[in-house]
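This report concerns only the one structure given below.
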Amino acid sequence: MKQIPFVIVLVLGISSIAFGQYKKGSVEEKLIQLDKAWTSAELKGDKRAAGALVADDFVGTTQRGEVQNKAQYIASVVPNADMVKSDEYKISLYGNTAVMTHRSTVSGVRNVQFRSTHIWMKRGGKWLIVAHHGSLIAPAEEESQ
């Protein structure tokens, strides 16, 4: 009988670790992989790869509040030495449309955190970003002022 509580605690612990992660091979996992490929292309300055993930009617809002179309976005893609780690992904699917949010931590030249919202649409069998919004996360000392 003493083993049953231990097994329950173990199962609950494992479940809590797995909670929030998307199933391997799921649409959500695919979108996270595409998002990471998009970030990698941006960091390398690979305009072609970054542009291939963005719809022709793309509308983006930068962390500074500037609005960009696809051409303006691609022009802004330049190589840089930053490292980016993204986490806290949340994805909601609505047919051929997905709303993705996540947090990114940038280290290197810029040391900031930001949150992003991406609207992905599946068009012609391919997921593309149709809208993006980025917002800086204020450092803790700025929040108290």
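General remarks:
- The residues of the stretch 88-145 that are acidic (Asp, Glu) and assigned to a strand (DSSP E or B) amount to a single one, Glu88.
- Filtered by the rule that a residue be among the aromatic types (Phe, Trp, Tyr) and in contact with a strand residue (DSSP E or B) (Cβ under 8 Å, 6 or more places away or on another chain), the stretch 87-145 gives Tyr89, Phe114, Trp120, Trp127.
- Screening the stretch 74-97 for residues that are among the charged types (D, E, K, R) and open to solvent by less than 50 Å² (accessible area, probe 1.4 Å) and picking the one that is farthest from Gln33 (Cα to Cα) gives Asp82.
- Inclusion of Ala71 among residues that are within 20 Å of Lys47 (Cβ to Cβ) and crowded, with 16+ Cβ neighbours inside 10 Å is not warranted.
- The stretch 98-133 - residue that is touching a His at 6+ places or on another chain (Cβ under 6 Å) and open to solvent by 30 Å² or more (accessible area, probe 1.4 Å) and, of those, farthest from Val54 (Cα to Cα): Thr117
- Count - residues of the stretch 55-87 that are within 28 Å of Gly125 (Cβ to Cβ), assigned to a strand (DSSP E or B) and either in contact (Cβ under 8 Å) with a residue 60 or more places away in the chain or among the charged types (D, E, K, R) (or both): 7
- Residue count, the stretch 38-54 (criterion: open to solvent by 50 Å² or more (accessible area, probe 1.4 Å) and assigned to a helix (DSSP H, G or I)): 4
The values are calculated or read from the model by the stated rules, or taken from the named source; none is laboratory data. The shown structure was predicted, so the numbers you read here are calculated from the model rather than taken from an experiment. Note that each Cβ is placed from the backbone with ideal geometry, even for glycine, and that neighbours are counted across all protein chains shown. Protein only, heavy atoms only, side chains kept; ligands, DNA and RNA dropped before computing areas. Shrake-Rupley method; radii C 1.70, N 1.55, O 1.52, S 1.80 Å.
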